[in-house]
Protein chains: 2
Amino acid sequence: MPKVADQWLKDVLIALYQRQAVTRDEILQVTGLNPASASHALQYLLAVGTIQKMGSLKSSGGRRRELLKLNPEAGYFLAMDLDTTRIRFALTNLIGDIRYREEQDLDFGNEMKIRCLLDGLERVQRNLAPWQRARVLAVGIAHPGVVDASGLVTAVNLGWCKFPLAEQLRQVTPLPVFLETWCRTYILAEKWLGQAQDCNNCIFVELGRGVGAGIVAADHYVEGSNQMAGEFGHITIDMEAADECLCGKRGCLEAIASGPNIIRQYLQLLNGSRRGNKGMQLSAVLEKARNDDPLALQVVNRVSRALGLGLSHLVLLLNPGLIILGGDLMQGEDLLLPRIRKELAMHVPGFMRTTELRVTSLGQDIGLKGAASLAFRNSVQNSDLLKKLCRPLSETLDTRKPLSGPRLARSLTRA
Amino acid sequence: MPKVADQWLKDVLIALYQRQAVTRDEILQVTGLNPASASHALQYLLAVGTIQKMGSLKSSGGRRRELLKLNPEAGYFLAMDLDTTRIRFALTNLIGDIRYREEQDLDFGNEMKIRCLLDGLERVQRNLAPWQRARVLAVGIAHPGVVDASGLVTAVNLGWCKFPLAEQLRQVTPLPVFLETWCRTYILAEKWLGQAQDCNNCIFVELGRGVGAGIVAADHYVEGSNQMAGEFGHITIDMEAADECLCGKRGCLEAIASGPNIIRQYLQLLNGSRRGNKGMQLSAVLEKARNDDPLALQVVNRVSRALGLGLSHLVLLLNPGLIILGGDLMQGEDLLLPRIRKELAMHVPGFMRTTELRVTSLGQDIGLKGAASLAFRNSVQNSDLLKKLCRPLSETLDTRKPLSGPRLARSLTRA
């Protein structure tokens, strides 16, 4: 039953990926596999070197239970994070640790040149050691657009309309390419590698140049019927507001609470127009608010009111256990978070005030880690890539000893 | 492997429940089971009589493909719908068809007497034929409250605070009791028996005495981290509004758009206070609006604006393929729907206007059907109830011929 064996391997690998170190009992419990199937899969993965023993736990009864983990160097991913102001490239290992990275600034609003992506990807590939090269599984990309059914990317901020990104990348790499909207890769990163590991209902809210949400509900990643779920930035937050949004509406949350709109509002209060101080930074507005500048405080208060109301909709509709905030605005965590919490409490009835609000700890690399998580998630569901990931390490890494159980490996129908 | 066999049976039964008539190929495709497992499960279910052959389809190649369906009389459920103004009791068959029903009005806001539920349930049980009695699997209940981790129900409208409903019902029935909040049973009914069968991202919005939503995202039913997802009625829709809500806030969607609040707003416009015309019905306000009464139209327009904005949040956050509206307000479908659509379009950017908006066709029995769906869903996941559902029909129904394949049935480890 080759198909079932793939399923066992996939279940076990995902359980290990999400939990880092687990016992055999935990694997049985998490995967729901029957003991024989799980044991087969574990023996096979140990034999080929995709998973490793990492010690043992002494249980209360005195029995020692073995701890297992993924071999972090059993596979690699090329990760790309197309932020709206910066492109980041990386080589990550199987569990999303960054082995090589570089980044490059972009002019906001200018068309993204594909050459620039191809060159970056080539440079990352040049940095691969020979034994890594044989184990690179896929490319994962976090981007700020939407992907249609035929895989074409539309991203206003990058100047792309139905752009064949994956096809273009084939010029420099034969690897499969997996694409996902940034906010959804962020919640993947939090769910698989960050603070949301144990939370089946959690939301990542990006507050930066754009505003968006990545949603996990009932332990499933919410994409929506056209892969457009999480357009949190475009909910109308103030029907009467004059603030124009890039989407064509007025009063969107993003039109009030994004980084550039915070600067715009401050300049409009200061000068009566959005002109002047063109090079002003978000950090400067926040610093002024810290120093009790009344105009900057007025903006911070308005932004917090808008965010508190917007977040209350997420809480009431989805009852998440955890909302994680990230993005440039979190430089102003000290100013914004207490105000947002206060507003949020005003819009959520007492019986529903159970959602925890935190700030991401994955930092600037969250997009790269999310892209790597995306690539992992897709790789274990693809039988060719699963085969590559489960290729005996001895074949690609000459310094290792020969396998202890090659007969076992052959006995499983993995060829 | 008795555990795996249960899993096969469950997968096949769910596939049949959701699709009514399917071929073996479709079952393989939907369940992802391997052909041997599916074939075992189907043979077993046919032998015991839980599923039936219902004819065949001629495929393009000329091969005839057998159509299978659930035997509707292989199991029964007791269903209860605790609306805020009415209790409905029913006996349903396996696929939610109502075999016996009765209902009873309630005084809104008065405490629900448990005696009244026990009496109703007893009357339904008295109406069971002896051969039905042996095959009743469970009680399903749609209620307007929230259930905590220990199964206690809090429902403000019924006057219950941490009420041990399931425990109380044990006085009159030994059957397992499954409870769910009304809106979530409604989307279950639509997803399994109604218009949302093929939709993996769909929402039911109840607009009646209360306002709430039942959400299915990524083909999973969203309960939230404390079983409180879908509190659509309590999102703040108008920060400046004076309308008080039962939850203690002001400007909630429910405080503007629920049935009683529509009547209240009309009376306030008419009399300057909410007093007078105490017996006024929602239908009367709607009729006045149809006859161009300016005050009634003013209320209808405000309600539509609030609902359009609220629904736009659902569309932007969850990108559902379908939103189904139900509840008392839908008597005013002719007035409300065109206005709601117009408002909705104003708050949703063009690229996201893909959600279909429909009115439920399940009528007043949607709560009973939802309660029956809930009971089915839980019953096939419970090995004792699954065993009861798969008991050979010949054992409980003397008039039927003996089984054609008893040996097969015994050969599977179902004892």
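Quick notes on this one:
- Label-point spacing for residue A:72 across the identical copies (point 7 Å from Cα in the Cβ direction), in nm and ascending order: 6.1.
- For the protein assembly as shown, the residue among B:301, B:379, B:37 whose Cα projects farthest onto the positive side of the dipole built from Cβ charges is B:37.
- Stokes-Einstein D (µm²/s) once Rh is taken as the Kirkwood radius of region B:14-130 over alpha-carbon pairs, at 4 °C in 1.567 mPa s: 76
- Evaluated with a Cβ-only charge set (Lys, Arg +1; Asp, Glu -1), the protein assembly as shown carries a dipole of roughly 2720 debye about its Cα centre, given to the nearest 20.
- Based on C-alpha pairs under 8 angstrom that are at least 6 apart in sequence, region A:190-317 has a relative contact order of 17 percent.
- Averaged over the residues of B:254-262, the number of partner chain Cβ atoms lying within 10 Å of the residue Cβ comes to 0.
- Taking the number of Cβ atoms within 10 Å of each Cβ as an exposure proxy, the fewest-first ranking of B:26, A:254, A:333 is A:333, B:26, A:254.
- Ascending list, in nanometres, of distances separating the residue B:357 label from those of the other copies (7 Å, Cα toward Cβ): 3.0
- With the helix formula -39500 (n - 2.57) applied to DSSP H stretches of n ≥ 4, chain B reaches a computed 222 nm mean residue ellipticity of -12500 deg cm²/dmol.
- Cβ neighbours within 10 Å from other chains - mean over B:345-354: 5
- Cβ crowding within 10 Å, taken as a proxy for footprinting-reagent exposure, orders B:136, B:380 from fewest neighbours to most as B:136, B:380.
- Pairwise label distance in nanometres, residue A:241 with residue A:156, each label 7 Å out on the Cα-Cβ vector: 1.4
- The Cα atoms of region B:136-294 give a gyration tensor whose axes a ≥ b ≥ c have a/c of 1.5 or more with a/b greater than b/c, which makes the shape prolate.
- Taking the number of Cβ atoms within 10 Å of each Cβ as an exposure proxy, the fewest-first ranking of A:220, B:40, A:234 is A:220, B:40, A:234.
- Relative contact order for region B:1-121: 17 percent, from Cα pairs under 8 Å spaced at least 6 residues apart, divided by residue count.
- Judged by the mean number of other Cβ atoms found within 10 Å, the most tightly packed of the peptides A:125-133, A:351-359 leads the ranking A:351-359, A:125-133.
- Counting only Cβ charges, +1 for Lys and Arg and -1 for Asp and Glu, the dipole size of region A:261-392 around its Cα centre is about 320 debye.
- Taking every alpha-carbon pair under 8 Å whose residues sit at least 6 apart, chain A reaches a relative contact order of 19 percent.
- Distance from region A:194-236 to region B:70-117 (C-alpha centre basis), Å: 37
- Dipole-positive endmost among B:57, B:93, B:150 within region B:36-174 (Cβ charges, Cα centre): B:57
- Three-way shape label, the protein assembly as shown, alpha-carbon gyration tensor, a/c 1.5: oblate
- Helix B:114-126 vs. chain B, principal-axis angle (Cα, 0 to 90°, nearest 10): 40
- Whole-percent pair-distance distribution, where bins are 20 Å wide, for the alpha carbons of chain A: 25, 51, 22, 2
- For chain B, the longest principal axis of the alpha carbon atoms and the long axis of helix B:294-318 meet at an angle near 50°.
- Distances in nm from residue A:383 to the matching label points in the other copies, shortest first (labels 7 Å along Cα to Cβ): 3.1
- Charge dipole of region B:27-169 (Cα centre as origin; +1 on each Lys and Arg Cβ, -1 on each Asp and Glu Cβ, all else neutral): 960 debye, rounded to the nearest 20.
- For the residues of B:192-201, the average number of beta carbons from a partner chain within 10 Å of their own beta carbon is 1.
Every number in this text was worked out from the coordinates using simple rules, so none of it is lab data. None of the values given here were measured: they were computed from a predicted structure. Neighbour counts run over all protein chains shown; Cβ positions are idealised from the backbone, glycine included.
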